[in-house]
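Asker: Attaching a single structure in structure tokens format; questions to follow.
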Amino acid sequence: MAKRVVTAGGGLAGLTCAKYLVDEGFSVTHLEGLPYLGGRASTSPCLGMGSAGSRAAASGPGA
Ligand SMILES: Cc1cc2nc3c(=O)[nH]c(=O)nc-3n(C[C@H](O)[C@H](O)[C@H](O)COP(=O)(O)OP(=O)(O)OC[C@H]3O[C@@H](n4cnc5c(N)ncnc54)[C@H](O)[C@@H]3O)c2cc1C
């Protein structure tokens, strides 16, 4: 039976960590506090791409 591990944070770091653990055979439960993945690298729908949150655009130039 695969060892179970919990990872947190759906940004690039957390998702990369979870992916490596899955590749090594762990059973991963991943926690994210927001209703979408990507963290600060989320796509803004105002750019005509995707439908995720707007944190990246909100903190970008001109925000
Ligand atoms: C406008 C903008 C432009 C950028 N441009 C570039 C670029 O050109 N090149 C580049 O290399 N980098 C760029 N970056 C930086 C890059 O987006 C970040 O360095 C990277 O996304 C950070 O990833 P991370 O996983 O470390 O953190 P984050 O993306 O902040 O993810 C952390 C995640 O953890 C979640 N979280 C936090 N606490 C908890 C908790 N207690 N429980 C559950 N979930 C939790 C958060 O909700 C979030 O989803 C840019 C950033 C911004 C804002």
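Every number in this text was worked out from the coordinates using simple rules, so none of it is lab data. None of these values were measured; they are calculated from a predicted model. When we count neighbours, we look across all protein chains shown, and the Cβ atoms used for this are built from the backbone with ideal geometry, even at glycine.
Asker: Between A13 and L31, what length comes free when the chain is fully extended (0.36 nm per residue of separation minus the Cα-Cα distance, one decimal in nm)?
Answerer: Result: 5.2 nm gained on full extension.
Asker: So, one more: Order these peptides, 6-14, 33-41, by their mean beta-carbon neighbour count within 10 angstrom, highest first.
Answerer: 6-14, 33-41
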